[in-house]
Amino acid sequence: MKGKVWKYGDNINTDVLFPGKYTYTLMSPEEMAKHALEDLDPDFASQVKPGDVIVAGRNFGCGSSREQAAACLKAAGVQAVVARSFARIYYRNAINLGLPVIQCPEAVDVLEKGDEIEVDLAAGEIRSSKGNFSFPPFPDSVIGILKAGGLIAYTREKLKEKGVL
Amino acid sequence: MGQTLSEKILSRKVGRQVKANEVVTVSPDYILSHDNSAAIIQEFKEIGLKKVAAPEKIVIVLDHVVPAASEKHALNHKIIREFVEEQKIPHFFDIDAGVCHQVFSEQGFALPGLLIVGSDSHTTTYGAFGAMAIGIGRTETASIWATDEIWLRVPETIKFVLKGKLQLGVMSKDVILRLIGDVGAEGANYKAVEFSGEASSSLSIDSRMVMTNMAAEMGAKNGYFEPDDLCLDWLKNRAKKEFEIIHSDPDAHYEAIYEYDLSNLEPQVACPHSVDNVKPVTEVAGTIFHQALLGTCTNGRLEDLEIAVKILEGKKISRRIRMLVLPASKEVYLEALKRGWLAILYEAGAVILNPGCGPCLGAHMGILAPGEVALSTANRNFKGRMGSRDSAIYLASPATLAASALEGKIVDPRSYL
């Protein structure tokens, strides 16, 4: 799936990704998506299209462990987040909720807002109007979690395959 | 190229050599959770499974709000007790036990070479015994209960080589605060942190646990000391199962190595509102505060109570402040009781609370009013954590806390010992 790049800087924290004041009031993914990044980029939520990709600097997702900070981007249709680095808890939360997070500083160096981009998870490649960049492909288990749409669904599938469920 | 302790532990788990940055799927040795088990139980039930995969690996300690402060908390505890019964989970510790990280260690689950995960960020504490211990989320914990598996990225490692001898009145809390202040709150993000050097080996087990506990505050995935004789002695008569001691290879790859000479280290204080906002105590001396909290999973052990007793014995704390003492566990509480230490602290004007987490996270007892300031031996000073959003927290060692409690303002403890 092709999309456009949204470019941001370093230390994009969980408060600007999804404000704390909404964490116990907005529960549906659609509602969460409407407030994604609103304190950083008021245009994002209204203009983001399915397949778009966030490209950012260091320590993306630092701060709180709130899972909504990843859930709101996924609900907004974001295909993946590409960054120089991710805060540890965000990285896990994102994958466990089915949002691909890719560490690829080379792509961050070059890509700018509005560039056309496509992420091929199986091949470990980012293809863009500015060139192609490779990243170490995810192992099958992580691909499985992403394809299922998150860890709980993946776990359910896996247990069904094993005949446990 | 040799391997670090973390690379080795994960290699043994998957049965092949792995190195930093690979992602592996592994089965942990133990899975810790606390009062948040009620939320995890709900997610576990959403998966649809009737039975947890490995009940003997699950360790649950009720500690965050104990005894229950409200009907809602009481219901949470009830749901957990019923689940423990229904699933036949053997390792359950009710409200009398203490803070999960202290209880887990004292009960001999934290062992060299083990892979331990816990739905609490300070699970890193167990690295004091040479385990690889990692904090995770609730969703993941529910999934591990169901599958006995977790995916992990093999971390790079940062090594802190500590040399020299700490001055009297300077504690391992001061060391870890200084390191966090230097590398920053993201300084070890997603990485393992190894504490080594002659000064590390000379630290007591209590002191080591302070540092691995707070490795989480520099973003670390896990932090550890390599097991030595002191560690093995401590584990004698405690270890719940057989274990294998694992060390980093001499030619292991470290992403960075920092050397510190501790001989000249002053007591340190983390100022509001972030743990990496660290200053020498002399720079913040004179700061007024209203409540002193001695305890928590960071500094509620015997060594911490002992130094406070040395400073406060036969004296009274300032009338301007109130002081809470929160021993980390039943074992610590009982020993302090037998040694007469709790009486000394109570006489000095402190309130002795039952072991638990409550005040540290503003969940139970000792809540701060707007405009109030706390001096605490805990590990986090985020805005509003201990109560009102308009309150503030300074973090320091038990020595700094006790001396400051006498004066009703922050002071350098070195002249009080």
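Read-outs: derived from the displayed coordinates by stated rules, not from any lab. The structure presented is a predicted model; accordingly, all values stated were derived computationally and were not measured. Cβ coordinates were reconstructed from backbone atoms using ideal geometry, including for glycine residues, and neighbour counts include every protein chain displayed.
Some points to look at:
- With distances taken between every two different alpha-carbon atoms, the stretch A:2-137 has a Kirkwood hydrodynamic radius of 14.5 Å.
- GNM flexibility winner over chain B from B:Y258, B:Y346, B:Y333 (Cα, springs under 10 Å): B:Y258
- Centroid-to-centroid separation of the stretch B:285-319 and the stretch A:49-111 [C-alpha atoms, Å]: 43 Å
- With helices as the sole contributors, chain A gives -9000 deg cm²/dmol at 222 nm; each DSSP H run of n ≥ 4 counts as -39500 (n - 2.57), and the sum is divided by every residue.
- The Cα atoms of the protein assembly as shown cover 73, 55, 48 Å along the three principal axes, with the biggest extent listed first.
- Inter-label distance for A:D120 and B:D251, nm, one decimal - labels placed 7 Å from Cα along Cα-to-Cβ: 3.8 nm
- Residue exposure proxy: B:R16, A:R58, ordered by other Cβ atoms within 10 angstrom of their Cβ from fewest to most, comes out as B:R16, A:R58.
- Sequence-distant contacts, meaning Cα pairs under 8 Å at least 6 residues apart, place the relative contact order of chain B at 18 percent.
- Among A:A122, A:A36, A:A76, the largest mean-square fluctuation in a Gaussian network model of chain A, built with springs joining Cα atoms closer than 10 Å, belongs to A:A122.
- For the pair the stretch B:232-272 / the stretch B:368-393, the C-alpha centres are spaced 29 Å from each other.
- Backbone geometry of the stretch B:318-326 corresponds, through the Karplus equation with coefficients 6.51, -1.76 and 1.60 at θ = phi - 60°, to 3J(HN,Hα) couplings of 4, 5, 6, 10, 10, 10, 10, 10, 10 Hz, x marking Gly and Pro.
- Short-range pairs are left out: with C-alpha atoms under 8 Å and at least six residues apart, the relative contact order of the stretch B:1-132 is 28 percent.
- Computed from backbone phi with θ = phi - 60° and the Karplus coefficients 6.51, -1.76 and 1.60, the 3J(HN,Hα) list for the stretch B:258-263 is 10, 10, 10, 9, 7, 4 Hz; x is used for glycine and proline.
- Integer Hz, Karplus 6.51/-1.76/1.60 couplings in order for the stretch B:234-246, x for Gly and Pro: 4, 7, 4, 6, 10, 3, 7, 7, 5, 8, 10, 7, 10
- Peptide A:88-95 shows a mean partner chain C-beta count of 6 within 10 Å per residue C-beta.
- Build a GNM of chain A with springs between Cα atoms under 10 Å apart, and of A:G61, A:G98, A:G77 the one that fluctuates most is A:G77.
- Taking GluC sites (Glu not before Pro) across the stretch B:206-272, the ones in a DSSP loop with at most 15 further Cβ atoms lying within 10 angstrom of their Cβ are B:E242, B:E244, B:E255.
- Straight-line cross-link reach from B:K315 at under 18 Å between alpha-carbon atoms covers these lysines, not counting any fewer than eight positions away in the same chain: B:K409.
- FRET efficiency for B:K315 and A:S134, using Cβ-Cβ distance with R0 set to 60 Å, rounded to 0.05: 0.35
- Rounded Å value of the spacing that divides the Cα centres of the stretch B:121-153 and the stretch B:43-105: 16 Å
- For chain B, the Cα-based Rg and Dmax, in that order, read 20.5, 62 Å.
- For the stretch B:268-416, alpha-carbon Rg over 2.2 N^0.38 Å: 0.93
- Residues whose amide H lies under 5 Å from that of B:V59, counting only those 5 or more places away or on a different chain, are B:I31, B:L32, B:S33; hydrogens are built 1.01 Å from N in the peptide plane.
- In percent, rounded to a whole number, the relative contact order of the stretch A:19-165 is 18, using alpha-carbon pairs under 8 Å and six or more apart.
- Reach of A:K74 by Cα under 13 Å, taken over aspartates and glutamates that are not fewer than 8 positions away in the same chain: A:E30, A:E31, A:D52
- Cross-link pairs beyond the 20 Å C-alpha cut-off, checked among B:K163/B:K221; B:K19/B:K159; B:K173/B:K310; B:K57/B:K240; B:K8/B:K173: B:K163/B:K221; B:K8/B:K173
- Of the DSSP H helices in chain A, not one has a Cα length along its own long axis of 20 Å or more together with a mean Kyte-Doolittle hydropathy reaching 0.0.
- Counted over all Cα-Cα pairs of the stretch A:76-158, pairs farther apart than 19 Å make up 38 percent.
- Expected 222 nm ellipticity per residue - DSSP helices of 4 or more, -39500 (n - 2.57), all of chain B, to 500: -9000 deg cm²/dmol
- Near-label residues of the stretch B:99-117 by backbone N, under 16 Å of a point 7 Å along Cα→Cβ of B:L337: B:99
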